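The values are calculated or read from the model by the stated rules, or taken from the named source; none is laboratory data. It should be emphasised that the depicted structure is a prediction, and the values quoted were computed from it without experimental measurement. All Cβ positions, glycine included, derive from the backbone under ideal geometry; neighbour counts span all protein chains shown. What goes into the accessible areas is simple: the full protein's heavy atoms, side chains included, and nothing from ligands, DNA or RNA. Shrake-Rupley method; radii C 1.70, N 1.55, O 1.52, S 1.80 Å.
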Amino acid sequence: MIRKAESKELDRLEQLWLHAAVSSHPSLPRGFWLERVHQFRRDCRRAGLCLVFTGRHPAVAEAFVTLLDQDRLAHLCVSPLFAGCGIGASLVAAAGHGKPQLQTRVLRENLRTRYFLQRYGFVETGRRHCVEYGQPLILMRCSSLPA
């Protein structure tokens, strides 16, 4: 089931995000991401939309997506237990419903997410070197969102 996130779920969303960030970015140590937890929490609080997917238990988020600035896909995280089941695609479709486009930024080394996004119509629109992460940040956009 996909539904709007509740503020009491922030700790669970943080767990999912931290696992995804660490496993998707091998060049950046866990401590790097722990130093950015406050930024993640701030993004979640100011998100225009935060949707969660719940699996067997409707009170436990197993995946989530956040949108900032109406059309910027800021976070898309899926529990390893549900990876490859179409949950990410369903969340992107739900987040993009009624929007003419979505955009996002992905670090170069995050190949799994880049390939996932490309499969669902996102294309690279630019790159810029990000000193904070020590690698290029790839800008992506999708105008034909999955149904």
query: In deg cm²/dmol and to the nearest 500, what is the mean residue ellipticity at 222 nm of the chain if only DSSP H runs of at least 4 residues count, each as -39500 (n - 2.57), divided by the residue total?
result: -9500 deg cm²/dmol
field: Candidate residues 115, 133: accessible-area rank, largest first, probe 1.4 Å
entry: 115, 133
statement: Over all Cα pairs of the range 1-92, the Kirkwood radius sets Rh, and Rg/Rh then becomes 0.94
task: Return one whole number: the accessible area per residue of the range 87-147 in Å², for a 1.4 Å probe.
output: 55
- prompt: With all protein chains present, how much of the accessible area of the range 39-113 (probe radius 1.4 Å) comes from carbon and sulfur, to the nearest whole percent?
  reply: 50
statement: With no solvent term and unit scatterers on the alpha-carbon positions of the range 58-147, Debye gives log₁₀ I(q)/I(0) at q = 0.14, 0.16 Å⁻¹ of -0.49, -0.64
field: Per residue accessible area in Å² of the range 1-63, where ligands, DNA and RNA are left out and the probe is 1.4 Å
entry: 59
- line: Relative contact order as a percentage, the range 1-93, C-alpha pairs under 8 Å and 6+ apart, gives 28
query: To the nearest 0.05, what FRET efficiency results for residue 108 and residue 11 with a Förster distance of 41 Å applied to their C-beta separation?
result: 0.85
message: Residues of the range 83-118 with backbone nitrogen within less than 14 Å of a virtual label 7 Å along the Cα-to-Cβ line of residue 128, please, listed as ranges.
response: 104-107
